[in-house]
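All of the numbers you see were taken from the coordinates with simple rules; none came from a lab. Keep in mind it's a predicted model, so treat the numbers as computed, not measured. Cβ atoms come from the backbone with ideal geometry, glycine included; neighbour counts cover every protein chain shown.
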Ligand SMILES: O=C[C@H](O)[C@H](O)[C@H](O)COP(=O)(O)O
């Protein structure tokens, strides 16, 4: 499907993202958030080459990238792709598109992963997992030589947690209240948080991840400061499996906005 955007608007910015800059001049073309997601996704698929092992992300943005890869395979414009899905949902989508699939056991090194994110800070640190798929995503994207993140501009934040929405932590179901309490205690040293069990079904039961675990969503009260130190403390808690901060993992972030597409590369971002 043809995209309604002007490729001349694709820019590659060497400075940190300035989210305080004045709004762009009015554009005659109003794109929906989903169209922006698709624009970012299609741009990311330009990085894909025949023969690659690809990490296939999860969520409403990554879904467009997976669709596009399927389309290019069908058209014969891509060949010999092996996809490694980051969730059962993506696996189902990829299978329906005829994308050949494998896993990290068979392919411990992934050439390129493409995935969405819930937040991106100016240093390209991410929050992921609001859709519940953070563990497999972190394993596969952590094993990738290149990790391209695709977002619409609403995902850009000044600091991790800055959207005031959930920072997910995957935990084992055993005594989840105890682990949620420990997470609150840890976070007291970093500005405090509310920590709530994520619920999934109509009957108010806990959301269960593809790995059979629960998710506690942390709502931060302040900028946490030293993210590496928060990460280490959270991961030291015995009931915690993984958290949704993806620190220093993204090599490129593609941001689609009303004015076009900006591309941020890790090595051109600040600090
Ligand atoms: O668990 C979900 C994943 O981390 C998603 O990549 C993330 O939540 C972004 O999803 P979306 O593209 O739907 O905003």
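Couple of notes before you dig in:
- Among the candidates 164, 158, 177, residue that is assigned to a loop (DSSP other than H, G, I, E, B) and either crowded, with 17+ Cβ neighbours inside 10 Å or free of Cβ contacts under 8 Å to residues at least 60 places away in the same chain (or both): 164
- Residue pairs whose Cβ atoms lie under 6 Å apart, sitting 6 or more positions apart in sequence or on different chains, and linking a residue in region 47-68 that is on the phi > 0 side of the Ramachandran plot to a partner that is in a loop (DSSP other than H, G, I, E, B) and within 13 Å of the ligand (Cβ to nearest atom), are 59/116; 59/131.
- Of the helices (runs of 4 or more DSSP H) that lie entirely inside region 30-134, those containing 1 or more residues that are within 9 Å of the ligand (Cβ to nearest atom) and under 24 Å from residue 156 (Cα atoms) span 33-45, 62-74.
- Cβ pairs under 8 Å, 6+ apart, first in region 126-138 and under 9 Å from residue 210 (Cα atoms), second within 8 Å of the ligand (Cβ to nearest atom) and assigned to a strand (DSSP E or B): 132/168
- Options 255, 215; residue that is part of a strand (DSSP E or B) and more than 15 Å from the chain's Cα centre (by Cα): 215
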